[in-house]
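Here is the structure we will look at.
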Amino acid sequence: MQAEFKSLFDLLKAIPDEQAAIDHFTAIRWRNGAFCPFCGSVKVYHFSDKRTHKCGDCKKRFSIKVGTIFEDSKIALQKWLMAIWMLTSHKKGIASTTLARDIDVTQKTAWFMLHRLRHAAVTGSFNEPLDGTVEADETFVGGKEKNKHANKRVGGTQGGKGKAVVFGMLDRDGDVRAIHTTNLKAKNVQGIIGEHVKPGSTIMTDEHVSFTGLSRSYVHHTVNHSAGEYVRDYCIHTNGIEGVWALLKRQIIGIHHFVSPKHLSRYLDEMTWRFNRRDMPDGGRVNSLIAFAEGRRLTYRELAA
Ligand SMILES: [Zn+2]
């Protein structure tokens, strides 16, 4: 049975040992019934050790971890669940050094676990397009903090050398999306918007030229940041998405200190995943991430590449 918990204490009580962790994960992964991770058959036999299963069609044996992000890891599932708790309940995320200390693994292992979990967050991140009223804006990561609003655009290099461009969209009543991208040219920016925001939605942006033409598919409102205007008619502004950028920077600077561009997407996925579940109780967030454990596993080699 799937356990419910409201605190780390509850989690440890509900999942006191490895078998309980396996049972919990099994209940979530097979919530619609058991299936073979190799051929998809639902003819599955269960061994009395409560850990081994066998497919009635392809005859392969497997554990519940096969085909998930937990596959091939010698880390106890109980530790994974604790790591998920910590990752999802700390608003600003968690450093690998802290996780290593708290669940008693090496820092290298903790780093690997966090990256695998971020990968899991990705698979569930970009499901439905945003609609309603959406604020769109960009930010630069890795650059100097003086780059704000109107003066942050410096022509073709867009934010300067060594800075990563992140483009974001916030549905005022719901989710945020943040994408690590290469440039702020109109074609690129509007391509991202088209992919993530339902046509016909209302979009709030500043007056950057890359947004010109959005009104063909959207109800487009702008504020003129370069003229010192930040809110028009009480509701036309991009303060919401800018608040998300402030949160992102506190997380990157405060917790991780530095994020290499190579890994930026995963940190963005982690941050937006947590943000999009901000109204969910901590235990709900944990089970929600566990449910995303399905899928192609990410190897250490891929991460280190
Ligand atoms: Zn099979």
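The values are calculated or read from the model by the stated rules, or taken from the named source; none is laboratory data. Bear in mind that the values here come from a model prediction, so they are computed numbers and not experimental data. All Cβ positions, glycine included, derive from the backbone under ideal geometry; neighbour counts span all protein chains shown. These accessible areas exclude ligands, DNA and RNA; they are computed on the full protein's heavy atoms, side chains included. Shrake-Rupley method; radii C 1.70, N 1.55, O 1.52, S 1.80 Å.
Among the residues of region 30-58, which ones are touching a Ser or Thr at 6+ places or on another chain (Cβ under 8 Å), over 27 Å from A83 (Cβ atoms) and part of a loop (DSSP other than H, G, I, E, B)?
G56, D57, C58 - these are the residues of region 30-58 that are touching a Ser or Thr at 6+ places or on another chain (Cβ under 8 Å), over 27 Å from A83 (Cβ atoms) and part of a loop (DSSP other than H, G, I, E, B).
List every residue pair whose Cβ atoms sit under 6 Å apart, with the two residues 6 or more apart in sequence or on different chains, where the first one lies in region 12-33 and is under 16 Å from G284 (Cα atoms) and without any contact (Cβ under 8 Å) to a residue 12 or more places away in the chain and the second, anywhere, is part of a loop (DSSP other than H, G, I, E, B) and open to solvent by 30 Å² or more (accessible area, probe 1.4 Å).
Note: no pairs meet the criteria.
If a residue has to be hydroxyl-bearing (S, T, Y) and either open to solvent by less than 50 Å² (accessible area, probe 1.4 Å) or assigned to a helix (DSSP H, G or I) (or both) to count, how many in region 218-236 make the cut?
So in region 218-236, the residues hydroxyl-bearing (S, T, Y) come out as 218, 222, 226, 230, 234.
Of the ones still in play, those that are also either open to solvent by less than 50 Å² (accessible area, probe 1.4 Å) or assigned to a helix (DSSP H, G or I) (or both) are 218, 222, 226.
Residues flagged as hydroxyl-bearing (S, T, Y) and either open to solvent by less than 50 Å² (accessible area, probe 1.4 Å) or assigned to a helix (DSSP H, G or I) (or both) within region 218-236 amount to 3.
Run A27 past the list (1) assigned to a loop (DSSP other than H, G, I, E, B); (2) open to solvent by 20 Å² or more (accessible area, probe 1.4 Å); (3) more than 16 Å from the ligand (Cβ to nearest atom) and report the number of the one that doesn't hold.
Every listed condition holds for A27 apart from (1).
For region 38-65, give me the residue count where each residue is closer than 26 Å to K79 by Cβ, polar (S, T, N, Q) and open to solvent by less than 50 Å² (accessible area, probe 1.4 Å).
Total satisfying the criteria: 2.
Restricting to region 237-276, give me the number of residues that are out of contact with any Asp or Glu (no Cβ under 9 Å at 6 or more places or on another chain), outside any helix (DSSP H, G or I) and open to solvent by less than 50 Å² (accessible area, probe 1.4 Å).
2
Show the residue pairs that are 6+ apart or on different chains and have beta-carbon atoms under 8 Å apart, the first residue being within region 157-177 and under 11 Å from E138 (Cβ atoms) and aliphatic (A, V, I, L, M), the second being in a loop (DSSP other than H, G, I, E, B) and modelled with pLDDT under 80.
Going by the 8 Å Cβ cut-off, the qualifying pairs are A164/G142; V165/Q158; V165/G159.
For region 35-78, how many residues are at positive phi and within 8 Å of the ligand (Cβ to nearest atom)? It would help to see each step written out before you state the result.
Going residue by residue through region 35-78, those that are at positive phi are 40, 50, 59, 67, 72.
Those left that are additionally within 8 Å of the ligand (Cβ to nearest atom): 40, 59.
The total comes to 2.
Please indicate, with yes or no, whether at least one residue in region 1-13 is open to solvent by 80 Å² or more (accessible area, probe 1.4 Å) and at pLDDT 85 or above.
First, pick out the residues of region 1-13 that are open to solvent by 80 Å² or more (accessible area, probe 1.4 Å): 1, 4, 6, 9, 13.
Then drop every residue that is not at pLDDT 85 or above, which leaves 9, 13.
There is at least one residue in region 1-13 that is open to solvent by 80 Å² or more (accessible area, probe 1.4 Å) and at pLDDT 85 or above.
Would you be able to say whether some residue in region 221-229 is hydrophobic (A, V, I, L, M, F, W, C) and modelled with pLDDT under 90? Even if it seems obvious, please write down each step before you answer.
The first filter runs over region 221-229 and keeps only residues hydrophobic (A, V, I, L, M, F, W, C), leaving 223, 227.
From what is left, the residues that are modelled with pLDDT under 90 are 223, 227.
Yes, region 221-229 contains at least one residue that is hydrophobic (A, V, I, L, M, F, W, C) and modelled with pLDDT under 90.
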